[in-house]
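Asks: This structure is in structure tokens; I'll ask about it shortly.
The values are calculated or read from the model by the stated rules, or taken from the named source; none is laboratory data. Please read these numbers as outputs of a predicted model, since none were measured by experiment. Counting neighbours? That spans all protein chains shown, and the Cβs are built from the backbone with ideal geometry, glycine included. In case anyone asks, the SASA skips ligands and DNA or RNA and just uses the protein heavy atoms, side chains included. Shrake-Rupley method; radii C 1.70, N 1.55, O 1.52, S 1.80 Å.
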Amino acid sequence: MTPPAPADTPAPGAQHGGVIRKNLATLPVRPHWRADAPAPATFSWSSMRERLAGLPGGGLNIGFEALDRPVRQGRGEHVALHWLGANAGAGAERAGLAGLDERRITYDELRRLANRFASAITRLGLARGDRLFVLAPRLPELYVAILGALKAGVVVSPLFSAFGPEPIATRMNLGEGRALVTTPGLFARKVAPVRAQIPTLSHVLLIDDGSGPGPAGTHDLGALLREAGEAGENFECAATRPEDLALLHFTSGTTGRPKGAMHVHGAVVTHYATGLYALDLHPEDVFWCTADPGWVTGMSYGVIAPLLHGVTMIVDEAEFDPERWYRILQEHEVSVWYTAPTAIRMLMKAGIALAQRFVHPKLRFVASVGEPLNPEAVAWGLQALGLPIHDNWWQTETGGIMVANAPAFDIKPGSMGRPLPGVEAAIVERLAGGDVRLIDTPGTQGELALKRGWPSMFRGYLHEDERYRKCFAGEWYLTGDLVRRDADGHYWFVGRADDVIKSAGHLIGPFEVESVLMEHPAVVEAGVIGKPDALLGETVKAFVALRPGFEAGEALMRELMAHARKRLGAAVAPKEIAFAAALPHTRSGKIMRRLLKARELGLPEGDTSTMEGAA
């Protein structure tokens with residue numbers, strides 16, 4: 001992907017820039033900060049904290065703020081979750097809590113169900129600080145479990161349902177998971193084969209997905225909720241403090257095992273503020289975040305932030321389908337839509353004619369996150385939706401949106417936007433000894449850094465204190481993303497300082513893929529890179545060196561692909577595999593992924609002085 005240039009030089013697709021800036025004022029977006037949001041000059045995190053209810057004695061709990069607070073504000077009968085089953089509209093039925101393939105759950109109903117879940121897991125012996133993992137499709141029970149666990153003071157760690165057995169076992173062992181919420185089908189395919197490898201796992205709670213009862217040693221979640229009864233609906237929220245651990249999000253690194261980013265209940269202040277400033281959420285909105293709760297976007301903005309603002313959130317169980325998505329926007333009168341650049345590119349691929357078959361007069365704001373949004377996609381939003389798409393930037397570690405093309409700003413197509421109120425950003429250069437130098441010259445490339453102080457900043461990497469400390473230079477969090485800033489204060493993404501692969505919005509660590517490939521008896525070594533892809537952002541390509549006695553060929557390549565898909569899941573497994581006689585190494589033995597990528601793309605190889613065998 002070509003990095004976008006600052007707006008004071010022609011950017012790729014710059015022919016669209018003038019159109020967007022010219023037409024923005026005529027579109028139904030607010031040109032200034034909304035009246036009930038403090039202006040940036042008067043913003044403070046403490047003022048945002050005061051808008052939340054809190055618990056007695058200064059406590060704070062995400063689940064309480066998301067459910068009890070709206071109910072106390074008189075929104076108990078307002079629809080919180082409008083769930084669309086995979087067969088919604090086809091008249092099909094399913095078992096379990098979902099009932100029919102389309103269901104509306106009010107704030108009070110969701111609160112009572114979450115309380116029942118909290119009561120049920122407490123009776124099973126889960127206590128504050130214990131870790132509960134969730135591995136499920138976008139079913140109502142998933143949201144009940146997340147919110148109920150948070151209300152019980154139990155730490156929630158989401159897993160993407162496309163993960164294979166090995167990534168699941170790795171993350172649950174690192175997180176010392178005591179309980180898992182999943183479906184019978186997912187359990188049989190992905191958990192049962194590795195359950196013996198997860199010694200801390202005491203309880204498996206199964207959502208009824210219509211596939212029949214679960215095996216011995218598991219719990220029927222529906223039965224547990226019924227047993228909790230009306231008494232369970234009066235569950236008293238755990239007296240969590242703002243710095244108590246609430247969420248554990250795993251993200252992949254360039255080497256080694258996945259990192260467990262720890263987030264606290266106090267992060268809810270950022271979730272509230274960014275829902276206000278970056279997404280412009282109002283209580284009357286119908287909001288649709290297409291991200292799966294298995295990823296941080298789907299948790300922060302597909303569960304927490306919309307409930308804090310009392311909106312109705314759309315939850316679609318089905319996978320991506322262009323016509324279905326347009327129909328959802330139209331028939332369910334979505335007013336604010338938060339999606340991913342990959343999805344936008346897939347809609348673009350489906351053609352403008354399909355888009356123009358549908359109308360969505362209630363849609364007033366569209367935002368995107370996950371990877372840089374190319375200028376052409378911003379212009380496509382105007383053509384297909386009548387609205388530009390507002391890109392924004394954040395990370396698993398930041399816990400919430402930090403830089404955004406907010407409703408108050410003109411859009412510079414290709415830009416990440418500007419820092420939100422309460423966020424102090426800078427561009428820095430790392431110096432020897434761990435210090436940094438601030439870069440003030442517009443257009444100069446450097447690493448994006450954020451000053452400590454926002455409430456959703458991660459509080460550590462689980463069991464990796466030293467790795468966490470290396471993320472900071474004094475008061476600055478070093479993001480690892482290379483950016484430029486133009487004269488107007490807009491930031492432009494250049495690329496990662498390391499080689500994490502970003503495919504369809506998913507962060508993929510090369511080491512994890514390489515390790516699984518090397519488990520195959522034919523593979524002696526593997527190197528994995530991200531290869532630019534117009535639709536997905538990047539795809540995973542693997543280079544493998546074979547053991548003696550094995551012959552490279554189509555049959556072996558298919559076998560390796562199948563092995564990787566089985567162990568890692570389709571979202572993480574390589575899309576391409578190439579055979580190599582040997583892989584390039586540094587003198588210390590590290591595979592030079594940078595060199596593999598340069599050779600694959602025909603780019604300059606750069607400094608090879610550290611390469612094994614270099615003169």
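Asks: Let a ≥ b ≥ c be the square roots of the eigenvalues of the Cα gyration tensor of the chain; is it rounded (a/c under 1.5), or, if not, prolate (a/b larger than b/c) or oblate? The partial results should precede the final answer.
Replies: Working: a/c = 1.43, a/b = 1.12, b/c = 1.28.
Rounded shape, in that the Cα axes give a/c under 1.5.
Asks: When the Cα centres of segment 483-543 and segment 128-189 are compared, how far apart do they sit, in Å?
Replies: 26
Asks: What FRET efficiency comes out for residue 440 versus residue 173 if R0 is 45 angstrom and r is the Cβ-Cβ distance? Round to the nearest 0.05. Intermediate values should be presented prior to the final figure.
Replies: Numbers: r = 45 Å, r/R0 = 1.01.
That pair, residue 440 with residue 173, gives E of 0.50.
Asks: Now for a separate question. Rounded to the nearest 5, what % of DSSP beta bridges with both residues in the chain are antiparallel? Spell out each step's value before the answer.
Replies: On the way: 54 of 90 bridges.
Within the chain, antiparallel bridges account for around 60 percent of the total.
Asks: What relative contact order, as a whole-number percentage, does the chain give when Cα pairs under 8 Å and 6 or more residues apart are counted?
Replies: 14
Asks: Please say if segment 63-220 is rounded, prolate or oblate, where rounded means a/c under 1.5 for a ≥ b ≥ c the square roots of the C-alpha gyration tensor eigenvalues, and otherwise the choice is prolate for a/b larger than b/c and oblate otherwise?
Replies: Working: a/c = 2.14, a/b = 1.27, b/c = 1.68.
Because a/c hits 1.5 or more and a/b fails to exceed b/c, segment 63-220 counts as oblate.
Asks: Also, quick follow-up: Could you check the simple spin-label distance between residue 431 and residue 535, using points 7 Å along Cα→Cβ, in nm with one decimal?
Replies: If labels sit at residue 431 and residue 535, their model points lie 4.8 nm apart.
Asks: Need the full-extension length gain, residue 349 to residue 192, defined as separation in residues times 0.36 nm minus the C-alpha distance. One decimal, nm.
Replies: 52.7 nm
Asks: Give me the one-decimal nm value for the distance between modelled label points at residue 47 and residue 359, 7 Å along each residue's Cα-to-Cβ direction.
Replies: Modelled inter-label distance: 4.0 nm.
Asks: Taking 0.36 nm per residue of sequence separation and subtracting the Cα-Cα distance, how much length would be gained by fully extending the chain between residue 496 and residue 575, in nm to one decimal?
Replies: Gain in length upon complete extension: 26.3 nm.
Asks: Next up: Which GluC sites (Glu not before Pro) does segment 291-339 hold that lie in a coil by DSSP with at most 11 other beta carbons within 10 Å? Kindly include the intermediate steps, with their values, before the conclusion.
Replies: On the way: sites: 317, 319, 323, 331, 333; in loops: 317, 319, 333.
The qualifying sites are 319.
Asks: Another question, then. First check a/c for segment 362-421, with a ≥ b ≥ c the square roots of the eigenvalues of its C-alpha gyration tensor; if it is under 1.5, answer rounded, and if not, answer prolate when a/b is larger than b/c or oblate otherwise.
Replies: prolate
Asks: State to the nearest 20 debye the size of the charge dipole of the chain about its Cα centre, where the only charges are +1 on K and R beta carbons and -1 on D and E beta carbons. Could the numbers behind the result be given before it?
Replies: Details: 64 positive and 68 negative charges, 61 e Å.
In debye, rounded to 20, the chain gives about 300.
Asks: Additional query: Would you work out which of 193, 161, 210 lies farthest towards the positive end of the dipole of segment 154-222, given +1 charges on the beta-carbon of Lys and Arg and -1 on that of Asp and Glu, about the Cα centre?
Replies: 193
Asks: Name the helices (complete DSSP H segments) of the chain with a Cα length along the long axis of 27 Å or more and a Kyte-Doolittle mean of at least 1.0, or state none.
Replies: Span-like helices in the chain: none at all.
Asks: Contour minus end-to-end for residue 601 and residue 236, with contour as 0.36 nm per residue of separation and end-to-end as the Cα-Cα distance?
Replies: 125.6 nm
Asks: Tell me the carbon and sulfur percent of the accessible area for the chain, rounded to whole percent, probe radius 1.4 Å. Walk me through the intermediate numbers first.
Replies: Working: 12280 of 23400 Å².
Solvent-exposed carbon and sulfur of the chain make up 52 percent of the total.
Asks: Going by amide H atoms built from the backbone, whose H comes under 5 Å of the H on residue 289, apart from near neighbours?
Replies: Result for residue 289 returns 314, 338.
Asks: On to the next question. So if I take the centroid of the Cα atoms in segment 239-303 and the same for segment 396-444, what is the distance between those two points in Å?
Replies: Distance between centres, Cα-based: 19 Å.
Asks: In debye, nearest 20, what is the charge dipole magnitude of segment 145-265 about its Cα centre with +1 on Lys and Arg Cβ and -1 on Asp and Glu Cβ, if you could check?
Replies: It comes to approximately 560 debye.
Asks: Can you list residues from other chains, or at least 5 along the same chain, whose modelled amide H is less than 5 Å from the amide H of residue 472?
Replies: Amide H neighbours of residue 472, under 5 Å, 5+ apart: 478.
Asks: To continue, here is another question. What net charge do the residues around residue 193 carry, taking every other residue with its C-beta under 12 Å from that of residue 193, with Lys and Arg at +1 and Asp and Glu at -1?
Replies: The answer is +4.
Asks: Ignoring ligands, DNA and RNA, what accessible area per residue does the chain give at 1.4 Å, in Å²?
Replies: 38
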